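*Asks:* Could you have a look at this structure, given as structure tokens, before my questions?
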């Protein structure tokens, strides 16, 4: 569905192989959303300094608009708060307008930090400060 708006390298990076996904299991937590016994969404995260980098947020087209993305992000945020993180941040591309609207509703705002592109596809970073506040810029692990 979105493949035409990505460069080949960016699409490959955003649709990792099963082996790459398996390697990520050791990098941080992974959440899976189920609806009627079927997996309909995922999210994962990686610790980054005093923050939590949110990545691989995806919801199947048939499950969109049913609160799956919001539930996944709530689980990620609960984890971040429990870990004492000061903020959550993520990278997204401007074409993912539905996801951007969700992130904004959840309190994320655009930031000037982070990479400006992924293998030639435009990106921007969104940040949500958590109750402890934010006091510095952690390493940005985009592209992992």
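The values are calculated or read from the model by the stated rules, or taken from the named source; none is laboratory data. The shown structure was predicted, so the numbers you read here are calculated from the model rather than taken from an experiment. Backbone-built Cβ (ideal geometry, glycine too); neighbour counts: all protein chains shown.
*Asks:* Condition first: within 17 Å of residue 103 (Cβ to Cβ) and part of a loop (DSSP other than H, G, I, E, B). Now tell me which residues in segment 26-65 satisfy that.
*Replies:* Across segment 26-65, the qualifying residues are 64, 65.
*Asks:* Related question: Need the failing condition index for residue 107 against (1) assigned to a loop (DSSP other than H, G, I, E, B); (2) modelled with pLDDT under 95, just the number.
*Replies:* (2)
*Asks:* Name every residue in segment 75-97 that is out of contact with any strand residue (DSSP E or B) (no Cβ under 9 Å at 6 or more places or on another chain) and touching a residue at least 12 places away in the same chain (Cβ under 8 Å), in order of residue number. Steps first, answer last, please.
*Replies:* Restricting attention to segment 75-97, the residues satisfying the condition of being out of contact with any strand residue (DSSP E or B) (no Cβ under 9 Å at 6 or more places or on another chain) are 78, 81-82, 84, 96-97.
Those that are out of contact with any strand residue (DSSP E or B) (no Cβ under 9 Å at 6 or more places or on another chain) and touching a residue at least 12 places away in the same chain (Cβ under 8 Å): 81, 84, 96.
*Asks:* Here's a follow-up. Within segment 34-43, how many residues are in contact with a helix residue (DSSP H, G or I) (Cβ under 6 Å, 6 or more places away or on another chain) and farther than 19 Å from residue 104 by Cβ? Reasoning before the result, please.
*Replies:* Taking segment 34-43 and keeping what is in contact with a helix residue (DSSP H, G or I) (Cβ under 6 Å, 6 or more places away or on another chain), we get 35, 40-41, 43.
Applying the additional criterion that residues be farther than 19 Å from residue 104 by Cβ yields 35, 40.
Final tally of qualifying residues: 2.
*Asks:* Within segment 46-71, count every residue that is in contact with a helix residue (DSSP H, G or I) (Cβ under 7 Å, 6 or more places away or on another chain), buried (at least 16 other Cβ atoms within 10 Å of the Cβ) and more than 19 Å from residue 93 (Cβ to Cβ).
*Replies:* 1
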